[in-house]
Structures are given as C-alpha cells and as structure tokens.
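Q: I have a structure here, written as structure tokens, and I will follow up with some questions on it.
The values are calculated or read from the model by the stated rules, or taken from the named source; none is laboratory data. Just so it is clear, the structure is predicted and the values come from calculations on it, not from any experiment. As a convention, Cβ positions derive from the backbone with ideal geometry for all residues, glycine included, and neighbour counts pool all protein chains shown. Just so you know, the surface numbers come from the protein's heavy atoms only, side chains and all, with ligands and any DNA or RNA stripped out. Shrake-Rupley method; radii C 1.70, N 1.55, O 1.52, S 1.80 Å.
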Amino acid sequence: MERIKIGDKVIISNSLESKNLDVVPEMVKYKGKTAKIIDCRDEKYFLDIDNGFWGWTAEMFECV
C-alpha cells in the first residue's frame, strides 16, 4: 500500500480479527467500512469513524 496521509480515505479490512495483538474486539465492528484518516503518529493512524479513539496500522486497511 502506498504511503497513507491525513485526509486519505481507507477501507477497514474485512479480514480484521481480534486475534491480532493490535486489534481489540471493539475495532472488529468497523470491518468493511470506509473511514478518513484524521491523525497519524508513531506509525498508527487515527480515524474519523471512531472519533480517533483507536490506533490503527496500515495492515488493517484495504486499498481504496
């Protein structure tokens, strides 16, 4: 995936599972949904879909 930046739209992967160490069960409900990157720090992305609550990684997204 090319470099993701603030303002980009992403699709949360349909293969997202809470078995992954970076994924908590509350994040799984967003599978398949489109979201916008609102912040980025320490290789974590923060999305509008959850009001920037969870830190997401690039591997959790599908190409838009």
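Q: Which FRET efficiency value, to the nearest 0.05, is calculated for Leu21 and Glu62 with the Förster distance at 22 angstrom and r the Cβ-Cβ distance?
A: 0.65
Q: A follow-up question, please. Candidates (1) 0.90; (2) 0.97; (3) 1.06; which is the computed Rg/Rh (Cα atoms, Kirkwood Rh)?
A: (1)
Q: Moving on. For the chain, what is the mean residue ellipticity at 222 nm derived from helices alone (per DSSP H run of n ≥ 4: -39500 (n - 2.57); sum divided by total residues; nearest 500 deg cm²/dmol)?
A: Calculated from helices alone, the mean residue ellipticity at 222 nm is -1000 deg cm²/dmol.
Q: Heavy-atom accessible area per residue, the chain, 1.4 Å probe: how many Å²? Write out the running numbers ahead of the final one.
A: Working: 4400 Å² over 64 residues.
With all protein chains present, the chain gives 69 Å² per residue.
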